[in-house]
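The values are calculated or read from the model by the stated rules, or taken from the named source; none is laboratory data. None of the values given here were measured: they were computed from a predicted structure. All Cβ positions, glycine included, derive from the backbone under ideal geometry; neighbour counts span all protein chains shown. We work out accessible area using only protein heavy atoms, side chains counted, and drop any ligands, DNA or RNA first. Shrake-Rupley method; radii C 1.70, N 1.55, O 1.52, S 1.80 Å.
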Amino acid sequence: MDLYKHAFRLSPLIDSDVIADCFELAWDIRIMDMRAAPYDLSGLRLDPTGDEWTPLLIETPEGKAEYVAAQRAFAKRGQALRLRLIDQCERLLSSSAPWHRRARSSGRRASKSAQTSPPVVTGNGDLTAKGPTGDSGPARSRP
């Protein structure tokens, strides 16, 4: 569930197939947990495959072995998804480096128009921008 939670929070920024795969893993884990619950859910067809749910009797050695095997499979799937999510986050972080660092590291000089300082809020609430020559003037006032 945590993988899906973090993937969904990053949803506008990362590939949708990663989010969908994280959701599918969370769904499968939830199905297994519900099958292992003490409630009788036999006959329900909420599984994506359309199969009826059968109780997973974790009190029996066979049921416990099935549950442990499923948990190991979920952990393996989760590890692969975790690596994909980390790759997506690293891609985001590398693409969001400030323009001046990218320009210096690539050996290019930033354009003169890009050399302006970021806007600054003055004591009276006005937003000012400093130009390439260092002069400042009101860029826009707050309402």
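Quick notes on this one:
- Derived scalar couplings ³J(HN,Hα) [the stretch 15-27; Karplus, 6.51 cos²θ - 1.76 cosθ + 1.60; whole Hz; x for Gly, Pro]: 5, 5, 5, 5, 5, 5, 5, 5, 5, 4, 5, 4, 4
- Accessible surface calculations at 1.4 Å, restricted to protein heavy atoms, place the stretch 1-99 at 69 Å² per residue.
- Other residues within the sphere of radius under 14 Å centred on the Cβ of I14, judged by their own Cβ, net out at 0 (K and R +1, D and E -1).
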